[in-house]
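Enquirer: One structure is given below, represented as structure tokens, and several questions about it will come after.
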Amino acid sequence: MNFNVPAISFGIEENCGSVSGKLEWDIREQRFIQADIRRVFHAVSMSEYREAWIRPPNADDRCCIVAGQADAAYRIELYRANLLEASIAGLIQKWESEEMIFTWQKKPSIGSTETIVHIRLHNEAEGSAMELVHSGFSSAADVAWHQQLWDASLERLAWLLEGFPV
């Protein structure tokens, strides 16, 4: 399969796909990472590796990430200056080497709803292509925060796996 994607591609889509007709937003990102698909999968799927690349918006040297997982349940806690800024929790629905689907809910967040993250990985000659779709946001503020999180996090993931400074 030839899956050529640009190094960075992202976007936010509005849709009215729900039965209630309420407006929802999706985040879509594509990224090519110069690393073997198994390395990318392990970095995304193992909580101790998630701590290394997940980055909240406006991350600085006062940020700390703590990630854990028990069976299908996971949690990611984002600390800034030793204070809990946000906690993300969810359940893993599908966890295979080329496709991962999991629920995601950020707290505290007024009106935060449970969303779905869908990640697909594809082998390429020089590395791996990653597609990420994070869907089901019900507020513009929530989608903006998450867009910043995914931009910074995927940049950091590529930097760690490729071994080059960003």
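Enquirer: Can you put 46, 100, 130 in order of Cβ neighbours within 10 angstrom, beginning with the fewest?
Expert: On the way: 46 13, 100 19, 130 23.
Least crowded to most crowded, the residues run 46, 100, 130.
Enquirer: Considering only DSSP states other than H, G, I, E and B, which trypsin sites (Lys or Arg not before Pro) in segment 54-108 qualify as loop sites with at most 14 other Cβ atoms within 10 Å? Mind showing how you got there, number by number?
Expert: Values: sites: 62, 75, 80, 94, 106; in loops: 62.
The qualifying sites are 62.
Enquirer: Let me ask you something else. Among 41, 137, which comes first, then next, by fewest other beta-carbon atoms within 10 Å?
Expert: Ordered from fewest to most neighbouring Cβ atoms within 10 Å, 41, 137 come out as 41, 137.
Each value in this text was obtained by applying a stated rule to the coordinates, not by laboratory testing. The structure displayed is predicted, hence computed values, not measured ones. As a convention, Cβ positions derive from the backbone with ideal geometry for all residues, glycine included, and neighbour counts pool all protein chains shown.
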